[in-house]
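No lab work stands behind these numbers, since they all come straight from the coordinates. Values in this document were obtained by computation on a predicted structure and should not be read as measured data. Note: ideal-geometry Cβ built from the backbone for every residue, glycine included; neighbour counts use all protein chains shown.
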Amino acid sequence: MNSEPAGRQDEYDKENPYIRFPVVLLQGILIMVRNQQKPYRKPQLFALLLTLVLASGCVTAPETLNDLSARLAVLPVINNTNDLDGPVFIRRDLNHMLRGWSYKTRSLEKTDGVLRDKLGITLGGQLDFNNPGTGAPSPKEIGELLDVDGLFYVTLVDFNQVITGVYNNKTVRAKLQLVDAKTGEVVWQNEAEESRSELYTSTSDIKESFVRTLGETVIQKALRVNPLDAETKAVILKLLNSLPPETVIFKDRGKSYDY
């Protein structure tokens with residue numbers, strides 16, 4: 001049985017949904033025995049107990065990342081853009097969507113605290129193990145410190161908004177890698193982009209579009225609201241939907257995610 005150290009459970013948003021199954025099964029057996037009119041025959045009781053033992057074996061530490069009980073961490077974003085807020089937005093939304101799909105992810109604050117206190121890391125660029133020049137710690141080292149099974153490395157490639165009035169464009173592009181924290185192997189990676197444009201021709205429409213879009217952007221920046229919120233979430237959804245079933249299986253994979 002894989003038990004977590006005391007105080008560790010609160011670092012994850014979701015309780016493992018499979019841990020309770022053997023308990024529920026045992027309760028069911030006790031109710032059946034209590035309500036049984038005739039005494040239980042030994043073969044029947046043995047079969048029930050064997051079922052309980054086999055079910056209990058299902059809650060051991062996940063052998064692969066296919067198990068919803070696998071613990072994951074979304075690491076600070078490697079930022080290849082000039083926008084300082086984009087990495088915060090995409091990382092927060094990715095972590096939120098993983099939790100919404102029943103994955104057990106470490107809180108971003110506690111992940112950052114461990115990386116800062118144990119390794120002196122405060123920027124995603126310091127984690128770029130694909131670039132030897134950064135001197136980044138290995139995924140195995142990070143996984144051991146964070147006590148997780150898998151690591152999501154995020155690279156923000158483009159996070160840009162163009163406002164001219166005539167032509168307005170919002171573009172988000174990101175790369176996502178899922179790394180097995182026990183072996184250091186990159187088990188999956190992909191890149192996705194979402195770009196949305198508006199084109200205006202009449203003078204009144206151009207003026208209205210410029211004033212409205214610019215005003216919205218200024219207010220959103222001041223309030224730390226993501227001006228590319230729809231594009232950010234669309235990119236994350238594309239990436240997560242591209243995960244092959246043999247690598248990670250999402251609960252209710254086909255449903256539309258409620259933002």
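Assuming R0 = 30 Å, can you tell me the calculated FRET efficiency for the pair Asn160 and Leu119, based on Cβ-Cβ distance, to the nearest 0.05?
0.45
Expressed in nm to one decimal, what extension gain is obtained for the pair Ser242 and Gln126 from 0.36 nm per residue of sequence separation less their Cα-Cα distance? Before the final figure, lay out the partial values.
Values: separation 116, 0.36 × 116 = 41.76 nm, distance 2.68 nm.
Full-extension gain reported as 39.1 nm.
Can you tell me the alpha carbon radius of gyration of segment 71-241 divided by the globular rule-of-thumb value 2.2 N^0.38 Å? Please list the in-between numbers first.
Working: Rg = 18.0 Å, N = 171, 2.2 N^0.38 = 15.5 Å.
In units of the globular-protein estimate, segment 71-241 measures up at 1.16.
Report, in listed order, any pair from Lys110/Lys140; Lys104/Lys175; Lys110/Lys238 with a Cα-Cα distance greater than 23 Å.
On the way: Lys110/Lys140 18 Å; Lys104/Lys175 21 Å; Lys110/Lys238 27 Å.
Over 23 Å Cα-Cα: Lys110/Lys238.
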